[in-house]
Amino acid sequence: MSTAQQAPDILSPEFAEDPYPAYAVMREKNPLIWHEAMQSWIISRYEDVERVFKDKKSEFTTDNYDWQIEPVHGKTILQLSGREHAVRRALVAPAFRGSDLQEKFLPVIERNSRELVDGFRHTGSADIVADYATRFPVNVIADMLGLDKGDHERFHGWYTTVIAFLGNLSGDPEVAAAGERTRTEFAEYMIPVIRERRDNLGDDLLSTLCAAEVDGVRMSDEDIKAFCSLLLAAGGETTDKAIAGILANLLTHPDQLAAVRADRSLIPAAFAETLRYTPPVHMIMRQSATDVEVTGGTIPAGATVTCLIGAANRDERRFREPDRFDIFRDDLTTTSAFSAAADHLAFALGRHFCVGALLAKAEVEIGVNQLLDAMPDLRLADGFDPVERGVFTRGPQTLPVRFTPVAPARP
């Protein structure tokens, strides 16, 4: 075990600029770090992070979410365990897989993507982040829930503030206060909508949540509000960065972009490799239930454990040439990449595997397909080199592109 002073500090400006060299040092020399300022143990090797996420011996809990997530979302499904967790997950999961996803929500995804693309395809230039990626997933979620897309700016402001709260590793009191205000504002917005929807059920996701029942258990107004808050933050921020990430990776690897352009069945492989190479979420926390031996030492019971997904996904013990983006790699299985059996760790694993993984896959596949259809010669703006920003979540803040203008097709 080592102290943070002997390893690159994840709160430093140098780390925020480019964490990948620091991750390599951690994996090799400091696989277990006690970080005093964060009051957390940090692990970075694939085998250790995978073990925490799969947690077959009930050595880790999500009790850390009591202070990390509940202040902004309220009590969410992420904090539950055992039967309580299983029942709540059974209430929400059907909307994110199978026939509901295929029949009800794929048309919503396709329409929202097309509307955004039609807004700039005739111009010859766009910023994929500002004009598309930051708007697309939030619009989809608003439509799925049957909320007013005219409130997009409010939704975007809320989830940005929530993500800042979750990534507030240095404990900035102003960031914390803003996050807690968001919980109040979102509740004031959402609870009346939920109550009205209970009286006027439709075919939207919010109505489904209001009516859902498993083993005699129904979700309370507070349960539904907390889930919607979580969905906006998790589904907005992460898919936003995933879309920007896959396009940045392909645009900076023209041979692989050409392959995807020619064979669209490669998009899932490109997305899976993006989730490994540049994951939208770089760290997830857990709490140890007992003393646990990991590479480099022992994590004591009751400690916060920061699992560095961004480091584990580039572990040379698990992936060959891990610092190379390669959609054709044979050590990352595309068929399981969006399930709890994934090789990469971007969606976590085990019982808390991301419930929205297939929704994200559908959004990315549809989005990339439509963008390439509308802009066959899509390329980076002259002289632009994509730069990632962020520590807790990470992705390009801007992605200016050029292409031959094409007028939208007439309906």
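The values are calculated or read from the model by the stated rules, or taken from the named source; none is laboratory data. This is a predicted model, so every value here is computed, not measured. We place every Cβ from the backbone using ideal geometry, glycine too, and count neighbours over all the protein chains shown. Quick note on the areas: whole protein, heavy atoms, side chains included, nothing else; ligands and nucleic acids left out. Shrake-Rupley method; radii C 1.70, N 1.55, O 1.52, S 1.80 Å.
So how many residues does the range 143-157 have that are in a loop (DSSP other than H, G, I, E, B) and surrounded by 14 or more Cβ atoms within 10 Å (Cβ to Cβ)?
Step one: of the range 143-157, the residues in a loop (DSSP other than H, G, I, E, B) are 146-148.
After this cut, where a residue has to be surrounded by 14 or more Cβ atoms within 10 Å (Cβ to Cβ) as well, the list is 146-147.
Going through the range 143-157 one residue at a time, the tally reaches 2.
Based on what the data block shows, is E50 modelled with pLDDT of 80 or more, within 19 Å of the chain's Cα centre (by Cα) and open to solvent by 10 Å² or more (accessible area, probe 1.4 Å)?
So E50 passes the test.
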Residues that are open to solvent by 10 Å² or more (accessible area, probe 1.4 Å), of a type in the set (G, A, S) and in a helix (DSSP H, G or I), drawn from the range 101-137: A130
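Can you pull out every residue in the range 45-76 that is of a type in the set (F, W, Y) and within 20 Å of P31 (Cβ to Cβ)?
Scanning the range 45-76 gives Y46, F53, F60.
One line per residue, one yes/no per condition, for (1) exposed (fewer than 14 other Cβ atoms within 10 Å of the Cβ); (2) out of contact with any Cys (no Cβ under 6 Å at 6 or more places or on another chain); (3) closer than 16 Å to P396 by Cβ:
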residue: S265; (1), (2), (3): yes, yes, no
residue: P268; (1), (2), (3): no, yes, no
residue: T274; (1), (2), (3): no, yes, yes
residue: Y277; (1), (2), (3): no, yes, yes
residue: V281; (1), (2), (3): no, yes, yes
residue: A289; (1), (2), (3): no, yes, no
residue: V292; (1), (2), (3): no, yes, no
residue: G296; (1), (2), (3): no, yes, no
First in the range 261-277 and in contact (Cβ under 8 Å) with a residue 40 or more places away in the chain and basic (K, R), second anywhere and in a helix (DSSP H, G or I) and open to solvent by less than 10 Å² (accessible area, probe 1.4 Å), Cβ under 6 Å, 6 or more apart: R261/L372
Leading residue by the ranking (least open to solvent (accessible area, probe 1.4 Å)) among those in the range 367-388 that are part of a strand (DSSP E or B) and over 17 Å from A16 (Cβ atoms): L380
Residue ID - surrounded by the most Cβ atoms within 10 Å (Cβ to Cβ), chosen from residues in the range 324-342 that are acidic (D, E) and out of contact with any helix residue (DSSP H, G or I) (no Cβ under 7 Å at 6 or more places or on another chain): D331
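For the range 298-316, indicate whether the set of residues that are under 30 Å from E36 (Cα atoms) and basic (K, R) is non-empty.
yes
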Scope the range 184-215; condition of a type in the set (D, E), surrounded by fewer than 11 Cβ atoms within 10 Å (Cβ to Cβ) and assigned to a loop (DSSP other than H, G, I, E, B); matching residues: D203, D215
Which listed residue, of V355, V391, V364, is in a loop (DSSP other than H, G, I, E, B), aliphatic (A, V, I, L, M) and modelled with pLDDT of 90 or more: V391
Residue ID - nearest to the chain's Cα centre (by Cα), chosen from residues in the range 298-312 that are touching a residue at least 60 places away in the same chain (Cβ under 8 Å) and surrounded by fewer than 21 Cβ atoms within 10 Å (Cβ to Cβ): T304
Tally, over the range 286-344, of residues that are polar (S, T, N, Q) and in a strand (DSSP E or B): 5
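Results for (1) modelled with pLDDT of 90 or more; (2) of a type in the set (A, V, I, L, M), shown as yes or no for each residue.
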{"site": "T184", "(1), (2)": "yes, no"}
{"site": "M190", "(1), (2)": "yes, yes"}
{"site": "R198", "(1), (2)": "yes, no"}
{"site": "D203", "(1), (2)": "no, no"}
{"site": "L206", "(1), (2)": "yes, yes"}
{"site": "A211", "(1), (2)": "no, yes"}
{"site": "D215", "(1), (2)": "no, no"}
{"site": "L230", "(1), (2)": "no, yes"}
Boolean, T160 is open to solvent by 20 Å² or more (accessible area, probe 1.4 Å), assigned to a helix (DSSP H, G or I) and modelled with pLDDT of 90 or more: no
